[in-house]
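Below is one structure, written out as structure tokens; comments come after it.
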There are 2 protein chains.
Amino acid sequence: MSDKQLGIPKGTRDFGPETMAKRHYILLHIRSTFEKYGFQPLETPSMEQLSVLTGKYGEEGDQLLFKILNSGDYLKKTTVEDFQAGAHNLLTKVSEKGLRYDLTVPFARYVVMHRNEITFPFKRYQMQPVWRADRPQRGRYREFFQCDADVVGTGSLLCEAEIVAMITEVFAALSIKDYSILINHRQILAGIAEAIGASGKESELAVAMDKLAKIGVENVLKELASKGFEESSLNQLLPILSKSIQWNMTDNPLEQYLSGSLAGNKGIQDLKRMFQYLEDLKLSSSQVVIDATLARGLSYYTGTIFEVVVNNADMGSVCGGGRYDDLTGIFGLPDVSGVGISFGVDRIYDVMEQLDLFPVDQLRFTDVLLISLDESCDGYALSILSKLRSNNIASELYPDKGKLKKPMGYAHKKGIPWVVLIGSEEMSSGKLSVKNMIQGSQDHYTEEDLIKFLASS
Amino acid sequence: MSDKQLGIPKGTRDFGPETMAKRHYILLHIRSTFEKYGFQPLETPSMEQLSVLTGKYGEEGDQLLFKILNSGDYLKKTTVEDFQAGAHNLLTKVSEKGLRYDLTVPFARYVVMHRNEITFPFKRYQMQPVWRADRPQRGRYREFFQCDADVVGTGSLLCEAEIVAMITEVFAALSIKDYSILINHRQILAGIAEAIGASGKESELAVAMDKLAKIGVENVLKELASKGFEESSLNQLLPILSKSIQWNMTDNPLEQYLSGSLAGNKGIQDLKRMFQYLEDLKLSSSQVVIDATLARGLSYYTGTIFEVVVNNADMGSVCGGGRYDDLTGIFGLPDVSGVGISFGVDRIYDVMEQLDLFPVDQLRFTDVLLISLDESCDGYALSILSKLRSNNIASELYPDKGKLKKPMGYAHKKGIPWVVLIGSEEMSSGKLSVKNMIQGSQDHYTEEDLIKFLASS
């Protein structure tokens with residue numbers, strides 16, 4: 001195979017050591033927060049039966065599923081007529097499995113299959129790749145990671161408060177400071193539709209409002225007009241779109257705006273209760289912003305809706321979720337209410353790179369590189385290596401002999417902060433030359449002092 | 001979709017919370033050992049171009065690759081003639097990508113693609129799932145995890161010693177005590193072939209000897225006879241198969257047996273040097289066993305060969321690897337020597353279950369469950385929750401109200417050791433009822449004392 005042909009499928013990525021260190025750093029903080037809040041890990045297979053996946057993501061989603069050819073003679077169930085009927089018709093006969101498209105549908109499938117073993121409320125987190133045959137572009141990949149946490153089996157708003165608390169904790173751990181947690185409620189959207197005299201049209205309303213940040217107030221109004229919204233409705237909607245009617249905790253104009261709507265009032269009361277819980281949790285609510293125009297395409301949300309945006313970063317939402325009342329209904333188990341959040345690791349990564357937030361000193365692997373200058377020193381070097389490691393100091397012995405330039409370059413490239421030279425002189429004196437690769441200084445230590453020094457640094 | 005149709009593809013598995021906790025435990029120890037020894041993480045895409053994968057695993061391997069249908073109209077490049085020519089002929093026109101079959105070929109591809117950025121020697125580890133369309137059976141799955149560590153770009157036997165040290169460290173961390181690290185050398189196999197007068201036939205010899213444990217001495221001899229090995233050769237081989245000629249460090253009958261073979265002598269000298277390094281590393285070598293019949297199907301190994309078996313566990317090897325001199329040659333970059341090891345997480349998991357080695361107390365997630373007995377206590381309960389978490393104590397507040405039976409069952413099922421009841425009495429007295437779920441005892445603590453107590457327990 002010629003070198004030119006070597007490559008990876010478009011939309012996928014190799015993650016080298018530096019990138020991996022940074023990804024691990026993000027994943028570690030998300031995982032430990034999930035666990036601290038009592039969420040338990042779940043992993044589902046990369047492949048699901050196509051019957052589980054299809055029809056769950058709309059027609060476009062079905063197109064974007066990666067399908068796996070049946071093993072062996074995959075044509076054995078087909079006829080020339082099937083072939084001539086086209087790709088769509090042939091599909092069910094040559095493929096029965098597809099790659100996971102998100103973590104939500106496999107989770108729902110898991111809950112339904114294991115409903116008799118699960119103790120509800122069930123708090124699970126799942127951190128795995130998903131695949132979509134999307135057109136690759138900036139921030140959009142064909143293989144990417146999702147980190148989801150969901151509680152199912154309870155309608156308590158305590159869970160919403162917990163999710164806000166988790167977001168706050170993860171972002172604090174990652175040193176992302178300037179961000180907003182946008183919150184809305186499906187019932188507030190229903191209330192707005194009612195308030196503007198367009199009851200029942202909240203889906204069209206939501207789809208248009210979702211584009212507000214991208215296309216502006218004028219174009220949202222135009223789109224709604226084209227969908228048959230009356231001028232009087234649009235006039236009444238204007239203060240919502242222009243954000244002159246907003247949520248606040250004192251005189252709350254949004255509450256007044258929605259006072260005539262039962263649904264709207266339910267949404268307002270839910271969010272008020274959630275805010276009370278946040279206060280009890282001693283959470284500063286300055287990052288929490290009620291945004292009555294937030295809809296996240298509505299999808300399956302029936303209650304609260306969350307989205308996190310990092311300010312001053314040129315990136316869409318890095319985190320999103322909400323409450324749904326019927327996730328498992330698609331698999332025949334109705335009335336399981338749940339609420340969940342999904343962290344977009346790939347986007348959080350890009351934001352952290354952009355804002356230079358990765359702590360360099362926490363990303364290295366090896367603390368010390370030993371260089372044995374002569375084969376006769378190898379035994380001594382290995383004995384030191386063994387002591388370093390039994391003191392939990394990540395260390396290596398450079399395996400080859402020769403000019404010092406190579407091992408020094410190796411230490412530099414790998415970001416190893418300490419280099420210890422071991423030659424016959426060091427062996428006989430018991431004093432080791434220790435080079436600080438960051439400051440360029442050099443010092444001498446006995447074995448014992450070196451270990452003490454490194455264990456504490 | 002009816003419940004009956006719900007399921008997962010055969011040979012794949014859902015990993016629920018308990019299983020995941022145990023898997024994380026294993027992966028954590030492997031990962032931290034890899035990093036302590038200076039190996040850096042790499043992840044490659046789940047899909048590779050079929051041109052990268054095919055032809056690398058033999059004909060059988062090609063059959064076992066999971067192939068992904070091209071997106072969109074996957075038939076657009078095909079004709080009825082292609083269809084009629086059969087699945088094999090149609091394949092290249094309907095599928096260009098396959099799922100990764102192991103971590104070695106993607107690693108070789110990565111090294112070749114990035115050879116100008118990589119500083120050699122390159123120590124990388126990779127822990128990812130692989131997929132094989134194998135017939136599922138006990139201990140064999142269609143999706144399973146591999147954990148590989150390799151050093152490429154050096155021929156130094158220090159790397160072999162490091163690998164043995166890593167194996168020792170991982171197994172010690174997992175409390176697996178009774179195991180053997182079997183070691184052989186490709187040149188010893190060549191030497192044996194030479195010694196029995198069958199030079200150049202080491203492949204056939206190795207394939208047959210590999211089955212020794214399964215089929216016994218008699219059947220190995222029969223198989224070799226059928227491959228044209230002469231009776232005199234088989235007679236000379238017998239002491240090797242019956243292990244009456246073995247390695248030992250004093251008079252070493254194996255060394256004498258191979259003394260007439262240049263290759264055999266090279267193998268012996270390599271292993272002797274490796275043993276010297278192990279001694280310098282203060283590694284007890286009681287677990288290391290030179291087994292001149294070990295071959296691991298030879299595959300691409302050119303130097304040392306490793307395999308780990310856990311004694312008293314009914315399971316094949318749980319770990320294997322060796323040195324190869326031309327891994328990247330298949331992609332046009334010759335002469336990159338390397339040595340690697342692969343830990344079989346799924347098998348290690350099964351062995352640890354069988355030997356009951358998982359430490360129950362390290363597998364739980366939540367330390368404390370708070371139960372608020374009345375809505376008026378929620379605020380107080382949340383303030384305690386917030387304090388517990390800021391002290392890094394994994395804790396939850398049960399979200400629903402009602403009979404105590406439900407939250408107590410929840411705590412029991414989740415293995416939560418402490419339950420704190422919060423009612424109006426507790427609120428006014430400031431004394432919290434704390435139930436020890438393991439011993440069934442109950443005690444009273446102030447908030448402050450509770451946190452101190454839990455932080456230290």
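The values are calculated or read from the model by the stated rules, or taken from the named source; none is laboratory data. Here the structure is a predicted model, which means the values were calculated and not measured. FYI the Cβ positions are ideal-geometry reconstructions off the backbone, even for glycines, and counts take in every protein chain you see. Calculation scope for accessible area: heavy atoms of the full protein, side chains included, ligands and nucleic acids excluded. Shrake-Rupley method; radii C 1.70, N 1.55, O 1.52, S 1.80 Å.
Scanning region B:58-67 for residues that are open to solvent by less than 50 Å² (accessible area, probe 1.4 Å) and out of contact with any Leu (no Cβ under 7 Å at 6 or more places or on another chain) yields B:58, B:61, B:62, B:64. Could you check region A:299-309 and list, in sequence order, the residues that are touching a Lys or Arg at 6+ places or on another chain (Cβ under 9 Å) and either open to solvent by 10 Å² or more (accessible area, probe 1.4 Å) or among the acidic types (Asp, Glu) (or both)? Hits for region A:299-309 are A:301, A:302, A:307.
Here residue B:435 clears all of (1) closer than 22 Å to residue A:35 by Cα; (2) more than 14 Å from chain A (Cβ to nearest Cβ); (3) open to solvent by 10 Å² or more (accessible area, probe 1.4 Å); (4) in a helix (DSSP H, G or I) except the condition numbered (4). Only one of (1) of a type in the set (Asp, Glu); (2) closer than 24 Å to residue A:131 by Cβ; (3) more than 10 Å from every other protein chain (Cβ to nearest Cβ) fails for residue A:81. Which number is that? It is condition (2) that residue A:81 fails.
Would you point out the residue of region B:353-369, among those that are crowded, with 21+ Cβ neighbours inside 10 Å and touching a residue at least 60 places away in the same chain (Cβ under 8 Å), that is farthest from the chain's Cα centre (by Cα)? My answer is B:368. For region B:349-372, the set of residues classified as in contact with a strand residue (DSSP E or B) (Cβ under 7 Å, 6 or more places away or on another chain) and either in a helix (DSSP H, G or I) or farther than 19 Å from residue A:159 by Cβ (or both) consists of B:351, B:367, listed by residue number. For beta carbons closer than 8 Å, sequence separation of 6+ or different chains, a first residue in region B:27-47 that is more than 7 Å from chain A (Cβ to nearest Cβ) and a second that is basic (Lys, Arg) and in a loop (DSSP other than H, G, I, E, B), there are no qualifying pairs. Exactly one residue out of B:133, B:165 is within 30 Å of residue B:65 (Cα to Cα) and of a type in the set (Gly, Ala, Ser): that is B:133. All of (1) open to solvent by 10 Å² or more (accessible area, probe 1.4 Å); (2) modelled with pLDDT of 95 or more; (3) within 21 Å of the chain's Cα centre (by Cα) hold for residue B:104 with one exception: (2).
Among what's in region A:34-57 and is among the small types (Gly, Ala, Ser) and open to solvent by less than 10 Å² (accessible area, probe 1.4 Å), pick the residue that is farthest from residue B:142 (Cα to Cα). Result: A:38.
Residue by residue, here is whether (1) closer than 30 Å to residue A:416 by Cα; (2) in the same structural domain as residue A:141 (by TED's automatic domain parsing); (3) of a type in the set (Ser, Thr, Tyr) holds:
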| site | (1), (2), (3) |
| --- | --- |
| A:313 | no, yes, no |
| A:316 | no, yes, no |
| A:321 | no, yes, no |
| A:325 | no, yes, no |
| A:330 | no, yes, no |
| A:336 | no, yes, no |
| A:339 | no, yes, no |
| A:342 | no, yes, yes |
| A:346 | yes, yes, no |
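Taking into account only those residues within region A:310-334 that are of a type in the set (Gly, Ala, Ser) and closer than 16 Å to residue A:157 by Cα, which is surrounded by the most Cβ atoms within 10 Å (Cβ to Cβ)? So the residue we want is A:322.
Taking the criterion of being under 25 Å from residue A:162 (Cβ atoms) and out of contact with any helix residue (DSSP H, G or I) (no Cβ under 9 Å at 6 or more places or on another chain), the residues of region A:174-213 that qualify are A:178, A:180, A:182. Selection within region B:379-397: residues that are within 14 Å of residue B:426 (Cα to Cα) and more than 7 Å from every other protein chain (Cβ to nearest Cβ). The member of this set that is most open to solvent (accessible area, probe 1.4 Å) is B:380. Quick check, is residue A:115 crowded, with 24+ Cβ neighbours inside 10 Å, farther than 20 Å from residue A:316 by Cβ and among the charged types (D, E, K, R)? Answer is no for this residue. Got a sec? Which of B:73, B:62, B:102 is touching a Ser or Thr at 6+ places or on another chain (Cβ under 9 Å) and free of Cβ contacts under 8 Å to residues at least 12 places away in the same chain? None of the others qualify; the one that does is B:62. Taking the listed residues A:125, A:110, A:141, A:179, the one that is touching a residue at least 40 places away in the same chain (Cβ under 8 Å) and open to solvent by 30 Å² or more (accessible area, probe 1.4 Å) is A:141, with no other qualifying. Going by what's in this entry, would residue B:267 be described as under 30 Å from residue B:330 (Cβ atoms) and under 33 Å from the mean Cα position of the chain (by Cα)? When the stated conditions are applied, residue B:267 passes them.
Looking only at residues that are surrounded by fewer than 22 Cβ atoms within 10 Å (Cβ to Cβ) and facing another protein chain (nearest Cβ under 8 Å) in region B:151-164, which one is farthest from residue B:309 (Cα to Cα)? Checking each candidate, the answer is B:154. What is the one condition in (1) facing another protein chain (nearest Cβ under 8 Å); (2) outside any loop (DSSP other than H, G, I, E, B); (3) farther than 26 Å from residue B:63 by Cβ; (4) of a type outside the set (Val, Ile, Thr) that residue A:13 does not satisfy? Just one mismatch for residue A:13, condition (2). In region A:402-413, the residues that are within 10 Å of residue A:371 (Cβ to Cβ) and assigned by TED's automatic domain parsing to the domain that holds residue A:369 reach residues that are open to solvent by 30 Å² or more (accessible area, probe 1.4 Å) and outside any helix (DSSP H, G or I) with C-beta atoms within less than 6 angstrom, at least six apart or across chains, in these pairs: A:410/B:119; A:411/A:437.
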